[in-house]
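Throughout, read-outs are computed from the coordinates displayed, never taken from laboratory work. If you're wondering where the values come from, they're calculated on a predicted model, not measured in any experiment. Note: ideal-geometry Cβ built from the backbone for every residue, glycine included; neighbour counts use all protein chains shown.
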Amino acid sequence: MVIAILIGILYFLPRFWQGLERFDPLTNELAARSTDYRLPYSLSNDYWIFKRWSKYACSKYPVLVIGDSVVWGQYVTMEQTLSHYLNERAGEDVFANMGVDGIHQAAMLGLVKYYGKAISNKRVILHFNPLWISSKKHDLSGEEEFRFNHPRLVPQFIRKPDCYRPSLAQRVGVVAERSISFFSWASHIRTNYFENMDLRNWTIQNPYKNPLRAITLEIPVPENRPESKPVTWAERGMEKQDFPWVQVEDSFQWDSFKKVVEILRARKNGVFVILGPFNPYILTAESLQRYNIMKSEMERWLEGEGISYRSPSDLPSEYYADASHPLKEGYARIAEELFEMESFRKWVRKEATTWK
Amino acid sequence: MLFHSWHFAIFFVIVYSVYLPLRKTRFYPYWLLAASYFFYGWWNPLYLLIIAYSTAVNFYAVILMQRSQPSFLKKSSQAFGKGLGKRFWLTLSIVNSLGLLGFFKYGVFVTDNLNVLLSLVGAPLTIPAPGTLFPVGISFYTFQAMSYTIDFYRGNVEREPSFIRFATFVSLFPRLLAGPIERAANLLPQLREKPEISTENITDGLSLFVVGLFKKVALADYLALYVDKAYAAPGLSDGLTLMLATFAFAWQIYFDFSGYTDMARGIARMMGFNLMLNFNNPYLATGLGDFWRRWHISLSSWFMDYLYIPLGGNRKGKFNTYRNMFITMVVSGLWHGAAWTFVIWGALHAVGRFLTRELERTKFYEERVPKLLKQLSVFAFATFAWIFFRAESLSDAVLIVKRIFTAGLANPNFPILALFFCLSIWIYQFLFESRIREILNWTPLKIGVTCLMLLYLMIFTTSGHEAFIYLQF
């Protein structure tokens, strides 16, 4: 009987909760421009909310733009992101910003596979940030253990990166979270209401606060400000880098990216890939040469697979905030460049008319 | 392998699914023994040598005791009472068991103290400390094996003919690491039968396990966050913080140890075995004697039967009674760990027992002092004694006591939720011992509470696996 009750609770509670905790980004009056909605930065690790956002976005937008903080807009406001400028160019609200901070390709694979199941029969612009293959460490192909973003999204047992060494309990917990929506909902409760802590640690930090009052049944509205100061990479004092880059055929991140494309296509989505942008001025000559070779290999694979793509042209140096993030002018330029492509315009128009 | 780990979950699913069909055959003790040895060897395979050796010595000591009896009876008559041969093998097995325990558990403590003495008298000698290997659970299974040997000597149990069954009795995995310390008279007969597993066994066992899990993960580990911080640097904490940390520790150790026992009893129940009750609302005790009849019952009754009574118990006048009580409590303290803090903790409880025993003999205390006041006094005393149990060193313990009374009161930042949990459970225990016990035993209520506990664990806690406090003993 206990088991029957528990199974019932496990199944119905997250669904019941969705009714209690309102999530309607486009009608949110607090958001600066509702169609430019992006997930609140503080909820970057809340995959349950990503799931809700992806379902919502699928029902409202014809095209989803998926990627990391480059898509999310680390150095820009909500009205200065790539999806915003794409919508501006399109003349209507077509593109949804599905960027999540720190989503490298291996994490993107987990995000799309487990939490993005709603994304089917859509058009998806998939962003590939070359920064994630700039070194073995970023590529997660090194053997030395280190902490990276979104470990709960990478493979836990088969094809697990060597640098990721969680306990069995943690891995089983992650698999449970992915497989049973109750656990991702529970994780959402901790992330959204308890500052990403479990209740024990939260009450140690906030000894006199009432935990029940912390559950406000409200999802925070994304703050309409850049998460990092919007200055150029030169003003930031960044120096030239000699990224070693990883061989494309050996790259864990690129391999994961290919799997994301496969999954999206298997779900009958049309996929358009944006390779880059990447700041060429920050690279030494040798590093830039290696980067270009690597990029050509990726492009060959995309062409071979018949996937539409665009590698944005180099932007002016002052349009880059760091190695991979553009400033607002950069986003506007990339959107402009994409709309200069007839194939892209057709792709968008077709979808816009098909999906509206 | 801790009960609240995925390793154990996987282990148990495998063991249980084989055990269920096997339990109706005579082979099930082999399977249980293999599982128990795997469970124990998971910590360190070397431990298996120690437990196997301890098991073999006690098993064969009893065989030799039995064999020595007829020859002895032929040689002598009543002059030697129970017989030298039998006593010889008993002594040998006890010396062996205590020697093992002494070597692994007290070796460092003894050599450290001897070296201090040697340096005080200026002797140019340092005794090297024995190895630092400390087999978890050694205090528990050694005492359990000893109880079998002593009970056989006393004629309270029959010799167990099967080595496999006896080895299973010593090592049965649910209770191997931290008890309860079972008696042969209770567990061995159960192992001789083919266990019956009813639906009730499974539901009760699961409920007990969930309650234990909740006590450990949601309560004990939670309180530990506050306690550990305050006790790590007592010099930096004010009086109120240390007082609340000590209050929290009183509940932490109760939740931790009774949680372990609940899980152990729950697992055993699912397998068709009944292990003894080890905790019975100890913080409702009205005297220190009562406290020890409610706290770690399997250990306190062990000391009662195998130390206090053989020393003479309360049969030879007040002085000898208190002497025996003092020895028993100090040894009980030492059983918990090789440190002077444990000795003082035991001695404090001995003094507490003298006081409450004397008070209980007065008419005024018995009739006029309200029960609640007695209970609160016992709780306050037990909590004070926990300072010596928990402190990292004797100097820390003294510092904590001093600061509690002199360091003033600052904002303690003690979580209200933790206080709420402790007080709620205290009130629940009061109600459980009152007339409304029947209501609390109402099945739908129990099911509801179990579900809530499980939900709380799943929603509000994350996987952190703090070891049980009593595993270090």
- So, relative contact order of region B:6-194 in percent, Cα under 8 Å, 6 or more apart, is 29
- Task: Treating cross-link reach as a plain straight distance, find the lysines whose alpha-carbon is under 30 Å from the alpha-carbon of residue B:194, omitting any fewer than eight places away in the same chain.
- Result: B:24, B:446
- Message: Let's test the formula: R0 of 56 Å, r as the Cβ-Cβ distance of residue A:265 and residue A:239. What FRET efficiency results, to the nearest 0.05?
- Response: 0.90
- Task: Return B:226, B:60 ranked ascending by Cβ neighbour count within 10 Å, so the fewest neighbours appear first.
- Result: B:60, B:226
- Residues whose placed amide H lies under 5 Å from that of residue A:241, excluding near-sequence neighbours: A:283, A:284
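Take chain A, mark every one of the GluC sites (Glu not before Pro) that falls in a DSSP loop and has at most 13 other Cβ within 10 Å, then report the longest stretch left between them, sites excluded.
On the way: sites that count: A:29, A:92, A:143, A:144, A:145, A:195, A:235, A:239.
It runs A:240-356.
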- With each label point set 7 Å from Cα along the Cα-Cβ vector, what nm distance links residue A:121 and residue B:316? 9.2
- Message: What distance in nm separates the two pseudo spin-label positions at residue A:213 and residue A:13, each 7 Å out from Cα along the beta-carbon direction?
- Response: 2.4
- Phi angles of region B:95-111, converted by Karplus (6.51 cos²θ - 1.76 cosθ + 1.60, θ = phi - 60°) into ³J(HN,Hα) in whole Hz with x for Gly and Pro, give 4, 5, 5, 5, x, 4, 4, x, 5, 7, 9, 10, x, 5, 4, 5, 5
- Message: Contact order normalised by length for chain B, with contacts defined as Cα pairs under 8 Å and 6 or more residues apart; what percent is it?
- Response: 17
- Query: Which whole-Hz ³J(HN,Hα) couplings does region B:140-147 yield from phi under the Karplus relation 6.51 cos²θ - 1.76 cosθ + 1.60, θ = phi - 60°, glycine and proline marked x?
  - Reply: 6, 6, 5, 5, 5, 5, 4, 4
- Message: Let me spell out the model: positive unit charges on the Cβ of Lys and Arg, negative unit charges on the Cβ of Asp and Glu, origin at the Cα centre of region B:200-472. What dipole size does that give, in debye rounded to 20?
- Response: 860
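Give the order of A:127, B:336 when sorted by the count of other beta carbons within 10 angstrom, beginning with the fewest. Kindly include the intermediate steps, with their values, before the conclusion.
Details: A:127 25, B:336 20.
Placing the least packed residue first, the sequence is B:336, A:127.
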- Item | Rg and Dmax of region B:6-194, Cα atoms only, in Å | 19.8, 67
- Note on the structure: FRET efficiency for residue B:66 and residue B:26 from the Cβ-Cβ distance with R0 = 22 Å, rounded to 0.05, comes out at 0.40
- Residues with amide H under 5 Å of residue A:96's amide H, sequence separation 5 or more or different chain, H placed in the peptide plane at 1.01 Å from N; which? A:63, A:64, A:65
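What longest range of chain A stays clear of loop-exposed chymotrypsin sites (Phe, Trp or Tyr not before Pro) (DSSP non-H/G/I/E/B, at most 12 other C-beta within 10 angstrom)? Intermediate results must be reported in sequence, preceding the final value.
On the way: sites that count: A:146, A:157, A:208.
Result for the longest clean stretch: A:209-356.
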- Note on the structure: With the dipole of chain B defined by +1 on each Lys or Arg Cβ and -1 on each Asp or Glu Cβ, the option from B:58, B:119, B:44 whose Cα lies farthest towards the positive pole is B:58
- Note on the structure: Sorted by chain and number, the residues with a modelled amide H under 5 Å from that of residue A:274, at a separation of 5 or more or across chains, are A:126, A:127, A:128, A:310
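Counting Lys +1, Arg +1, Asp -1, Glu -1, what net charge surrounds residue A:51 among other residues with beta carbon under 14 Å of its beta carbon? It would help to have the intermediate numbers written out before the result.
Numbers: positive: A:15, A:52, A:55, A:113, A:117, A:152, A:178; negative: A:21, A:46, A:177.
Neighbourhood net charge equals +4.
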- Among A:117/A:160; B:318/B:402; A:160/B:105; B:105/B:316; B:316/B:374, the pairs whose Cα-Cα distance exceeds 31 Å are B:318/B:402; A:160/B:105; B:105/B:316
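Charges at C-beta only: +1 for Lys and Arg, -1 for Asp and Glu. How large is the resulting dipole of chain B about its Cα centre, in Debye rounded to 20? Please list the in-between numbers first.
Values: 41 positive and 25 negative charges, 331 e Å.
Here chain B has a charge dipole of around 1600 debye.
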- Using a basic spin-label model with each label point 7 Å from the Cα along Cα→Cβ, how many nm lie between residue B:111 and residue B:452? 5.3
- Residue separation between residue B:98 and residue B:432 times 0.36 nm, minus their alpha-carbon distance, gives in nm 116.3 nm
- To the nearest 20 debye, what is the magnitude of the charge dipole of the protein assembly as shown about its Cα centre, counting +1 on the Cβ of each Lys and Arg and -1 on the Cβ of each Asp and Glu? 3820
- Residue list for region B:102-131, given a label point 7 angstrom along the Cα-to-Cβ vector of residue B:340 and an amide N cut-off under 18 Å: B:106-122
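Which whole number of Å³ per residue matches the convex hull of the alpha-carbon atoms in chain B? Don't skip to the end; give the middle numbers.
Numbers: hull volume 88.4 nm³, N = 473.
Roughly 187 Å³ of hull volume per residue.
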- Message: From zero outward in steps of 10 Å, how is the percent of C-alpha pairs of the protein assembly as shown spread across the bins?
- Response: 2, 11, 17, 19, 16, 13, 11, 7, 3, 1, 0, 0
- Query: Using the alpha-carbon centroid of each, what span in Å lies between region B:139-174 and region B:223-295?
  - Reply: 28
- Note on the structure: Computed, not fitted: 222 nm per-residue ellipticity of the protein assembly as shown from DSSP H runs ≥ 4 (each -39500 (n - 2.57)), nearest 500, equal to -18500 deg cm²/dmol
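If you stretched the chain out fully between residue A:42 and residue A:297, how much longer would it get, using 0.36 nm times the residue separation minus the C-alpha to C-alpha distance? Don't skip to the answer; put the middle values down first.
Details: separation 255, 0.36 × 255 = 91.80 nm, distance 3.59 nm.
Result: 88.2 nm gained on full extension.
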- Can you work out ³J(HN,Hα) from phi for every residue in region B:321-326, in order, using Karplus 6.51 cos²θ - 1.76 cosθ + 1.60 and θ = phi - 60°, giving whole Hz and x for Gly and Pro? 4, 5, 4, 4, 5, 5
- Query: With the dipole of region B:314-473 worked out from charges on the C-beta (+1 for Lys and Arg, -1 for Asp and Glu) around the Cα centre, which of B:422, B:359, B:432 lies farthest toward the positive end?
  - Reply: B:359
